[in-house]
């Protein structure tokens, strides 16, 4: 299933420790350009650890990560961003004391060219009109759903080739979740490759094309989403029977 | 009490309070900037202030020895400020790299102990260098007074107050209007999220130390010119007072530190009028305790909460 | 009973063996310096921190005396300088260290009264001599410590000298300041007492903090009282700032202070023009020749280096006279003999004739008034006629 040409993101046999806990025990995943890949697993399976290892917040003990042929294992997080990987962290982690506009500016921190940045910002405001209304407000005053939008918007401002989303649905009302997922799909259709971590497996399988199942630090399953959603074990464990 | 009702003495005291308050505020900003970003108290900040003062002293002495300062007094003083800022900034950056960065992930007590160690080290280094002697700033500009009846206001005082306000405005603009300033605030709030935006967190932390140190250096030169004598222990009391001011204003909060500094200076100056001067420090630290009881987060303490 | 008697006899006989060896007896015991070992002179003063300047000056004075002496009866003399931080606990620790050094004959120190007081108890325990060049607190010589002497004066002498001068000048409106230290407070207290005894009143007494730089608030308040004289009990670091800031806030009063401000560099040079006309109390001028010699080695002579030099020399002189050379080349020094020698010494030092009274204080009048004057473009302390 791996095509002859080099995969977009290639994670090979990585081992990551979280303090003394051996969190990732030899994980390999690949993502091709333009794909939306989802990663599911129970709490503590190592999803966030994997994402943080890719984005450089954590360093793998062993193994290698290649993005468009560049090794990421030893690069600091801020360098990885400039290669084109943006992560929307779990719990959003927006800068609540900065205004919405300043949050977006921070997203564009690595970029040069005022005009392009301003254009992107307008596009983002089109995508999230709520943010435009409140752009002068301090981000801490936003509601949970708006904060999630801001977190995604902020990541988009880096102009990512690969967008990593860590549980974007967490703590949101169902209506909002749908809204956010539609947006994610739109972003993917516009050309960004997406790695989506979700607890709500059903939702994830609906919009992604391939999926990995993570169990206690190892890949338990890998398949396309249609097959995964039919899988008996997954049905029992993640889709509520 | 009778003094408080006398308008002349009151004005004089307010000017006295604003002068020393401005200096407290400049130093307090360094504490607050570093605390905001690293959640540690840089107890060596008083020594950075002291080194800045000595840097300015060295340059002014040199310039006054070769006669340059008599022909170009203003330029000489600007040179002194520049040298002081250079020395202190370099020192601040080195300290961060050598004494604090290796302890970034250690328990919070470790960098604190490291800071105290650095403080003692710097004091003693300067003592060995100066052989423990008081050094005297050369008189570059004569001190003129504005006399209004009984009142006499030194032009130095006015310059210090204005200088402090100027630097603070500059800092405010830097933090709230420039990209680097915004990145500083972002790093202060969430280091991981900031690095996910491509912000080099270490660089921002270094810049924070440099800015805090530069402000302390400016304060150091002002103290040198105004009080004329400096020694290796000069950082201790202003350091503690400025720290108090930072806590008063709400540590980690930039406008809070400015306000806290002026507030403390005024409280000390006016407090002397209502009680004997030996209680001056009591006023400062009594205020600190009072504010901490009533408003544990300081006058300008954080009110924004993160909604989840 | 009989058994005990036997032991006693044995002891007596054994000690009879020892006495001829050592040549003489000493009820406090002996200091033995083995052949080839140096004689150590201890020095305890503040070598780092706020008043390191004064402490290093003391060390320089002692060092100069030791370097000049070089050796006693073939044993080299060396100075063991320790930083006692001018404080109680550290001084005690240093005192224990010094007294337990078998090669140490005595200590020049300690610098501050606050350190000398607890340290003198330690010295009394081990019966090791101490001669302070600078601890001026009254109580030091009233506690019945036989091993304590000082080459400086005491606070009461100094405060009385200042007060007498004020009375003579007929200044009436006086404000007293002190730095809240034992030293500053006791001076302020003695000064006030003596002034009040003569029917004069003090307008106000205020305290300030050592290490503080900004005295404008307190001086602004004092200005309102329109004083003729401000008396300050404290050190030069604060004294010079007071002198300068008095001019700044516009107080037109005389300024008078104590030995702490008698330093050419830290007071006159640091204060510049503002110190013109300031009065300080201090010992009579040390020998001019000596000052020249000192300054060629260590730079400007500060405050207590002459007293430290004399204290060290007295110690060295006493050791020279008391030490007995043994056939194996070692030196034996009786502790009591050494103490008695110092107690009875008639020494012509660079600070004048030195003799001690039964308490360990210097006899004779020691303190005089100096005024800062500017003559031919040079500013210096000028001793006023008595």
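Tabulated data
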{"read-out": "Unmet criterion (only one of (1) modelled with pLDDT of 95 or more; (2) within 18 Å of the chain's Cα centre (by Cα)) for residue B:59", "value": "(2)"}
{"read-out": "Qualifying residues in region B:231-240 (those that are surrounded by 24 or more Cβ atoms within 10 Å (Cβ to Cβ) and more than 9 Å from every other protein chain (Cβ to nearest Cβ)) - the one nearest to residue C:241 (Cα to Cα)", "value": "B:235"}
{"read-out": "Checking residue B:122 against (1) more than 10 Å from chain C (Cβ to nearest Cβ); (2) crowded, with 20+ Cβ neighbours inside 10 Å; (3) closer than 19 Å to residue B:225 by Cβ, the condition it does not meet", "value": "(3)"}
{"read-out": "Output for region C:223-236, where each listed residue is within 32 Å of the chain's Cα centre (by Cα) and within 9 Å of chain B (Cβ to nearest Cβ)", "value": "C:236"}
{"read-out": "Those residues of region A:185-207 which are farther than 22 Å from residue A:44 by Cβ and part of a loop (DSSP other than H, G, I, E, B), in sequence order", "value": "A:190, A:191, A:192"}
{"read-out": "Identity of the residue in region B:131-146, facing chain C (nearest Cβ under 8 Å) and without any contact (Cβ under 8 Å) to a residue 24 or more places away in the chain, that ends up nearest to residue B:66 (Cα to Cα)", "value": "B:143"}
{"read-out": "Hey, residue B:260 away from chain C (no Cβ under 14 Å), at pLDDT 90 or above and crowded, with 23+ Cβ neighbours inside 10 Å or not", "value": "yes"}
{"read-out": "Candidates A:64, A:123 - the one that is touching a strand residue (DSSP E or B) at 6+ places or on another chain (Cβ under 9 Å), surrounded by fewer than 23 Cβ atoms within 10 Å (Cβ to Cβ), away from every other protein chain (no Cβ under 11 Å) and not in a loop (DSSP other than H, G, I, E, B)", "value": "A:64"}
{"read-out": "Qualifying positions in region A:134-156 - facing chain B (nearest Cβ under 10 Å), touching a residue at least 12 places away in the same chain (Cβ under 8 Å) and outside any helix (DSSP H, G or I)", "value": "A:138, A:142"}
{"read-out": "Test set (1) at the interface with chain B (Cβ under 7 Å from one of its Cβ atoms); (2) over 15 Å from the mean Cα position of the chain (by Cα); (3) without any contact (Cβ under 8 Å) to a residue 24 or more places away in the chain - residue A:77 fails condition number", "value": "(2)"}
{"read-out": "Positions within region C:219-243 being within 27 Å of residue B:235 (Cα to Cα) and free of Cβ contacts under 8 Å to residues at least 24 places away in the same chain, in sequence order", "value": "C:221"}
{"read-out": "Residue list for region C:153-165, filter: touching a strand residue (DSSP E or B) at 6+ places or on another chain (Cβ under 7 Å) and surrounded by 24 or more Cβ atoms within 10 Å (Cβ to Cβ)", "value": "C:158, C:162"}
{"read-out": "Failed item in (1) touching a strand residue (DSSP E or B) at 6+ places or on another chain (Cβ under 6 Å); (2) modelled with pLDDT of 90 or more; (3) closer than 30 Å to residue C:143 by Cα, with residue C:284 passing the rest", "value": "(2)"}
{"read-out": "Selection from region C:213-222 of residues that are more than 8 Å from chain B (Cβ to nearest Cβ) and not in a loop (DSSP other than H, G, I, E, B)", "value": "C:219, C:222"}
{"read-out": "Of all residues making up region A:126-143, the number that are surrounded by 18 or more Cβ atoms within 10 Å (Cβ to Cβ) and out of contact with any helix residue (DSSP H, G or I) (no Cβ under 7 Å at 6 or more places or on another chain)", "value": "1"}
{"read-out": "Qualifying position, being more than 21 Å from residue C:134 (Cα to Cα), in contact (Cβ under 8 Å) with a residue 12 or more places away in the chain and in the same structural domain as residue C:28 (by TED's automatic domain parsing), among C:318, C:343, C:311, C:337", "value": "C:337"}
{"read-out": "Subset of region B:178-201 [more than 10 Å from chain A (Cβ to nearest Cβ) and surrounded by fewer than 16 Cβ atoms within 10 Å (Cβ to Cβ)]", "value": "B:178"}
{"read-out": "Residue A:93 under 26 Å from residue A:52 (Cα atoms) and touching a helix residue (DSSP H, G or I) at 6+ places or on another chain (Cβ under 6 Å)", "value": "yes"}
{"read-out": "Flag for residue C:215 being without any contact (Cβ under 8 Å) to a residue 60 or more places away in the chain, surrounded by fewer than 20 Cβ atoms within 10 Å (Cβ to Cβ) and within 30 Å of residue B:222 (Cβ to Cβ)", "value": "no"}
{"read-out": "Restricting region A:92-110 to residues that are in a loop (DSSP other than H, G, I, E, B) and more than 7 Å from every other protein chain (Cβ to nearest Cβ), the residue that is farthest from residue A:170 (Cα to Cα)", "value": "A:108"}
{"read-out": "Tally of residues being in a strand (DSSP E or B) and more than 14 Å from chain B (Cβ to nearest Cβ) across region C:39-86", "value": "15"}
{"read-out": "Single residue of region C:189-212 satisfying the filter (within 28 Å of the chain's Cα centre (by Cα) and within 11 Å of chain B (Cβ to nearest Cβ)) that is nearest to residue B:22 (Cα to Cα)", "value": "C:212"}
{"read-out": "Verdict on residue B:255 being part of a helix (DSSP H, G or I), touching a residue at least 12 places away in the same chain (Cβ under 8 Å) and within 24 Å of residue B:155 (Cβ to Cβ)", "value": "no"}
{"read-out": "Residues of region C:252-291 that turn out to be more than 21 Å from the chain's Cα centre (by Cα) and more than 26 Å from residue C:174 (Cβ to Cβ), as a count", "value": "2"}
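The values are calculated or read from the model by the stated rules, or taken from the named source; none is laboratory data. Keep in mind it's a predicted model, so treat the numbers as computed, not measured. No Cβ is skipped: glycine too gets one built from the backbone with ideal geometry, and neighbour counts run over all protein chains shown.
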